[in-house]
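Have a look at the structure below, then the notes.
Readers should treat all values here as calculations from the given coordinates under stated rules, not as data from a laboratory. Everything numeric in this text was worked out from a predicted model, so none of it was measured. Cβ sites come from the backbone with ideal geometry, for glycine too, and all protein chains shown count toward neighbours.
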Amino acid sequence: MSQGSDPASKSNTPSDNLTRADQSHANSKTPPVPAPVSKPGTSAKDLSKKEAEPPAFEKGIIDRLVKEFGSKVRVLYIRPLRMKIAVDPADIVEIATHIRNALGFDHAESVAGTDYPKDNQIEVIYHLGSYGVPELEGHIMSLATRTSRDEARLPSLINVFRSVEYHERETFEMLGVFFEGHPRNDRFLLPEDWADIPPLRKEFRIKGR
Amino acid sequence: MNRRLAERPESKIDDTVNRGMQVLKEYTADDDRLMTLSVGPQHPGSGHFRFTIKLDGDYIVYCDPDPGYVHRGEEKMCEYRNFIQNIPHLERPVIHDSANITYSYSLAVEELAGIEVPRRGQFIRALTSELDRQVYTLYWLAIYGIFLGHSTMFMWPTGDRELFIDLLDALTGARVTHAFNIPGGVRNDIPEGFKEKALRHIAYYEKRLKEYENIFYNNPLLRQRTEGVGVLTREDAVKLGVTGSVLRASGVSFDVRKAEPYDIYNEIDFKAQYMRSGDCFARAYVPFLDMKESCHIMRQLLDKMPASGEVRAKLQPNPKGPPGEAYRRVESGRGALGYYIVSDGTPRPYRVKISVGSFRNMLALPHLLVGAKLADMPSIYWALNYWPVEADR
């Protein structure tokens, strides 16, 4: 095969293929620490131990973010390969742009909405991953924000992460969160004649259950 | 007009949120140059999926995917059942690859509930998922063959798929939908004589793969229909967040088994298979390279597996953990398959979100179809490794 895979060049990606994020890494004065080979915690006990002393590489990423934005970023957890931060809806586009440009997370793997009726809030969480930066391949940055259940509106991240288009559209119809700036907040997976509340809200009950 | 579309301009998806919409603005609403076609859900070439395309002559100028014909509300159903009861219905979206779709679920539940999996159980679980990857990829290859008019390529993989279905039948007791990978390990131990049978089947199958390459991938007709068709550049693939073979065909060597080795994959020697051209041929050939590499992985799994030991951790009747959340993923036949599970401390999950490769790859469909010829539509669509039932969940 003329185009067979070329394992030899796997580790050294040609520089013309580098993404913008790569180059910003190359230019920044603090080069990223090589990622330690670690697996995500397999037991809750391990995790609680590790959370007491967060892994250095992941902590370094979060520290850069906190240094830039201060109290706008609330760190929820730092685990091996997993980080979660919470931000206000007003800051989310700015912080997401920074995460893409300076930290190197270049796509969204999933956008999940979770309904919390007790707090009268809906949490929308973006799981961001990276293809461009080799040492971030296994890492997931979870970017969470909350909005009120009564008037659920959030700014869309479509101009930061192009890959959220269908995920946000799904979140709109399943949880009723309107994404401002998204070109199509409309029906996607549900039937055309769906005339009920968004089904992933907790007050929607499956019949007979 | 046609000439302009034929010289496909370099796509800049950042400034045009929907390329189809942008192109369409150049036409008036009742422009009689345009013809609208609805492809699917009854069209034999679409699966349980419909997309609307608008044509100017032979060229597609607009594409709007409309999934949801097999939406079952898996995520909502999960909230009504406990962590173990969820397994059988979660594998329905991809019955051919049911080991992988329950694999990442099991990993996430183990992380939440703090379950340690015995070493032998980890090996058997990885073996099941490799076998299912073969079954799924062969099924996909059969469909790709028939829709490009190559009926031999429909018959051969459909027959050879039985090699692995036989093995899975002996191992799990079911041909498809095994419900075998569970939180804590696997349901049963390996039967007598399984290793010899598996090695025999793999040896025969590797011979067959060479024949596949000769009759299908080296076929000039296939080359003409796929080479240079539907090119997805590396930059666009990263921006669109595609995954699996679609991503690796565009020159990104991303494989979850390498990026984030789960269970025993860090002890296995293998390479993430990828190509650089990004066209339909690369997207069709990368799964084939994956199948070859998977044979290599299966041999190692059979060799390195501990001879005896537990295969399943002892669980409490209704496993549960402290309130928390987990996001775990595996490499399935269609790419990264992730579960985001929120637990509120009860035996039932509070929220389950399934992030599947098909749903993510669907975003590349309008991107690739706009500007392509109608005759290239089946080639582009099926090369995306799209499984409608999985995308709908």
*For the residues B:TYR103, B:TYR217, B:TYR204, what sequence is obtained by ranking on other C-beta atoms within 10 Å, fewest first?*
B:TYR204, B:TYR217, B:TYR103
*In what sequence do B:CYS78, B:CYS280 fall when counting other Cβ within 10 Å, fewest first?*
B:CYS78, B:CYS280
*Among the aspartates and glutamates, which fall within straight-line cross-link reach of B:LYS304, defined as a Cα-Cα distance under 18 Å, with same-chain neighbours fewer than 8 residues apart omitted?*
B:GLU130, B:ASP189, B:GLU192, B:GLU196, B:ASP263, B:GLU267, B:ASP269, B:GLU293
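Let me have the 222 nm mean residue ellipticity of chain B computed from DSSP H runs of 4+ only, each contributing -39500 (n - 2.57), with the sum over all residues rounded to the nearest 500.
Result for chain B, helices only: -13500 deg cm²/dmol.
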*Equivalent ellipsoid dimensions for segment B:59-176 as semi-axes, Å, which come from the Cα gyration tensor, largest first*: 30, 23, 12
*25 °C / 0.890 mPa s Stokes-Einstein diffusion coefficient of segment B:128-240, Kirkwood radius on C-alpha pairs, µm²/s*: 151
*asked:* Test of understanding: ordering B:LEU365, B:LEU131 by Cβ neighbours within 10 Å, fewest first, what list do you get?
replied: B:LEU365, B:LEU131
*Would you mind computing Rg(Cα) / (2.2 N^0.38 Å) for the protein assembly as shown, counting N as its residues?*
0.93
*Equivalent-ellipsoid semi-axes (√(5λ), Cα gyration tensor) for chain B, whole Å, largest first?*
38, 25, 17
